[in-house]
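Below is one structure; the comments refer to it alone.
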Amino acid sequence: RSGHTSTLLPNGQVLVAGRIPVLVAGEAPPPGPGTSAAALYNPFTNEWAPTGSLEQALNGLTMTLLSNGKVLAAGGDPDENNDHTELFTP
């Protein structure tokens, strides 16, 4: 799906954030329009879990894992001049 990105965390889980559908614990993301939701995927159990959300949905979203375990999320929409960055704690 477009509008989201993922980052591998040190514990082996994958943080997926951006315009993804709101999740139900233990279920894979359904198709369809999304929000600024975030979810953790556990490849060892093949389960999804919601983990909060970004402050706002971002186009061109990128995420970078920082040494303190937080994730720097950045993106925006050049046509609307709403560039945004935030620190996210999964």
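The values are calculated or read from the model by the stated rules, or taken from the named source; none is laboratory data. Quick caveat, the model's predicted, so the values are computed rather than measured. Quick reminder, even Gly has a Cβ in these numbers, built from the backbone with ideal geometry, and neighbours come from all protein chains shown. Just so you know, the surface numbers come from the protein's heavy atoms only, side chains and all, with ligands and any DNA or RNA stripped out. Shrake-Rupley method; radii C 1.70, N 1.55, O 1.52, S 1.80 Å.
Summary of values
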| read-out | value |
| --- | --- |
| Residue check for residue 90: within 10 Å of the chain's Cα centre (by Cα) and modelled with pLDDT of 70 or more | yes |
| From 26, 12, 69, residue being in contact with a strand residue (DSSP E or B) (Cβ under 9 Å, 6 or more places away or on another chain), at pLDDT 70 or above and at positive phi | 12 |
| Cβ pairs under 6 Å, 6+ apart, first in segment 2-29 and among the basic types (Lys, Arg), second open to solvent by 40 Å² or more (accessible area, probe 1.4 Å) and modelled with pLDDT of 60 or more | 19/4 |
| Yes/no for residue 75 being over 16 Å from residue 14 (Cα atoms), surrounded by 14 or more Cβ atoms within 10 Å (Cβ to Cβ) and modelled with pLDDT under 85 | yes |
| Test result for residue 54, open to solvent by less than 30 Å² (accessible area, probe 1.4 Å) and at pLDDT below 90 | yes |
| Sole residue being more than 18 Å from residue 11 (Cβ to Cβ) and of a type in the set (Gly, Ala, Ser), chosen from 36, 67 | 36 |
